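Student: My questions will all concern the structure given below.
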Amino acid sequence: MTPVILLAAEQKSAEVTDWAARVGWLVGLALFVALIYWLMREGWKWRGTLQGDLPELPDAPDTTGPARLSMSGRYHGSTTAGQWLDRIVAHGLGTRSRVELTLTDEGLDVVRPGAADFYVPLDALREARLDKGIAGKVLTEGGLLVVTWQHGDRLIDSGFRSDRAAEHNEWVDVINSMINKKTETEGAR
């Protein structure tokens, strides 16, 4: 026999695909992904349970006076003050959403379509600053407006990003001046 004929005789047909094994692997992979998502969801719920001591969020009063500043943008979440990775999920504070912020002489009104709205009275405001990140969101330096406020016995940092980031500096200046004015007025008493 010639070498060409030997090669032709040694060739076999291709293996038939084992569809049962492939389907089994795909079902196993789908179950694994579903398990991971379920565990993440349970972890989120557990974090909310651990933060159950957080009081209900205040609603805006019926009359808040004229708006000093207003802004539309994104709410990126709230964390324990000074701990930018300790996300607070209780009462919907962990839900990212669009936001309409309105600052008045009485406080900060946070309106979030599709999520729980809340109100931060002027007495609860502690500080406003520019930062680069909050749990799950990191931006360029100064790309995030972070407002620190007191809720119950806990200090909370809430992160906002305006549709027009140039507004952030004005918000920091106005909020901090309102806090300082309130502090000076209380100290004079």
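The values are calculated or read from the model by the stated rules, or taken from the named source; none is laboratory data. Because the structure is predicted, anything quoted here is derived from the model rather than measured. Ideal geometry is used to build each Cβ from the backbone, glycine not excepted, and the neighbour counts take in all protein chains shown. For the accessible areas, the whole protein counts, side chains as well, though only heavy atoms, and no ligand, DNA or RNA atoms are used. Shrake-Rupley method; radii C 1.70, N 1.55, O 1.52, S 1.80 Å.
Student: What number, in nm² with one decimal, is the all-direction average of the projected area of the convex hull of the alpha-carbon atoms of the range 106-153?
Tutor: 4.3
Student: Taking residue 132 as the anchor, which aspartates and glutamates have their alpha carbon closer than 18 Å to its alpha carbon, excluding any fewer than eight residues away along the same chain?
Tutor: Within the straight-line cut-off, residue 132 pairs with 86, 141, 157, 163, 167, 170, 173.
Student: Would you look at the GNM of the chain, springs on alpha carbons closer than 10 Å, and say which of 37, 75, 119 moves the most?
Tutor: So, out of 37, 75, 119, the one fluctuating most is 37.
Student: If you don't mind, another one. About its Cα centre, how strong a charge dipole does the chain have in debye, to the nearest 20, once Lys and Arg get +1 and Asp and Glu get -1 at the Cβ?
Tutor: Rounded to the nearest 20 debye, it is 540 debye.
Student: Please state, as a whole number in µm²/s, the translational diffusion coefficient that the Stokes-Einstein equation yields for the range 16-130 at 4 °C and 1.567 mPa s, with Rh defined as the Kirkwood radius across alpha carbon pairs.
Tutor: 75
Student: Please report, in whole Å, how far the alpha carbons of the range 122-189 spread along each principal axis, starting with the longest.
Tutor: 42, 27, 16
Student: Please list 46, 25, 149, 38 in order of solvent-accessible area, largest first, computed with a 1.4 Å probe with all protein chains present.
Tutor: Listed by decreasing accessible area, they come as 25, 46, 38, 149.
Student: Report residue 170's accessible area, 1.4 Å probe, all protein chains in place, as a number in Å² to the nearest 10.
Tutor: Estimated to the nearest 10 Å², residue 170 gives 100 Å².
Student: Per residue, how much accessible area does the chain show when a 1.4 Å probe rolls over the protein heavy atoms, in square angstrom?
Tutor: 62
Student: Here's another thing I want to ask about it. Just subtract the alpha-carbon distance of residue 68 and residue 41 from 0.36 nm times their residue separation and send over the number in nm, one decimal. Display every interim value, and only then the final one.
Tutor: On the way: separation 27, 0.36 × 27 = 9.72 nm, distance 3.93 nm.
Extra length available between residue 68 and residue 41 comes to 5.8 nm.
Student: A further question on this structure: Return, ordered by residue number, the residues of the range 100-126 whose backbone nitrogen is under 17 Å from a label point located 7 Å along Cα→Cβ of residue 164.
Tutor: Residues 100-103 qualify, since their backbone N sits under 17 Å from the label point.
Student: May I pose another question? If ligands, DNA and RNA are left out, what is the accessible area of residue 179 with a 1.4 Å probe, given in Å² to the nearest 10?
Tutor: For residue 179, the solvent-accessible surface is approximately 10 Å².
Student: With a 1.4 Å probe and every protein chain left in place, tell me how much accessible area residue 70 has, in Å² to the nearest 10.
Tutor: 70
Student: Order 15, 184, 106, 167 by their accessible area, 1.4 angstrom probe, all chains in place, largest first.
Tutor: 15, 184, 106, 167
Student: Another question, then. Taking 0.36 nm per intervening residue step and subtracting the Cα-Cα distance, what contour gain separates residue 153 from residue 98 on full extension?
Tutor: Once the chain is fully extended between residue 153 and residue 98, it gains 17.1 nm.
Student: Within the range 124-189, what whole-number % of the accessible surface is contributed by carbon and sulfur, with the 1.4 Å probe and all protein chains included in the calculation?
Tutor: Numbers: 1560 of 3360 Å².
Carbon with sulfur: 46 percent of the solvent-accessible area.
Student: Okay, moving on. Given 20 °C and 1.002 mPa s, how large is the Stokes-Einstein diffusion coefficient of the range 52-188 in µm²/s, with Rh as the Kirkwood radius over Cα pairs?
Tutor: It comes out at roughly 144 µm²/s.
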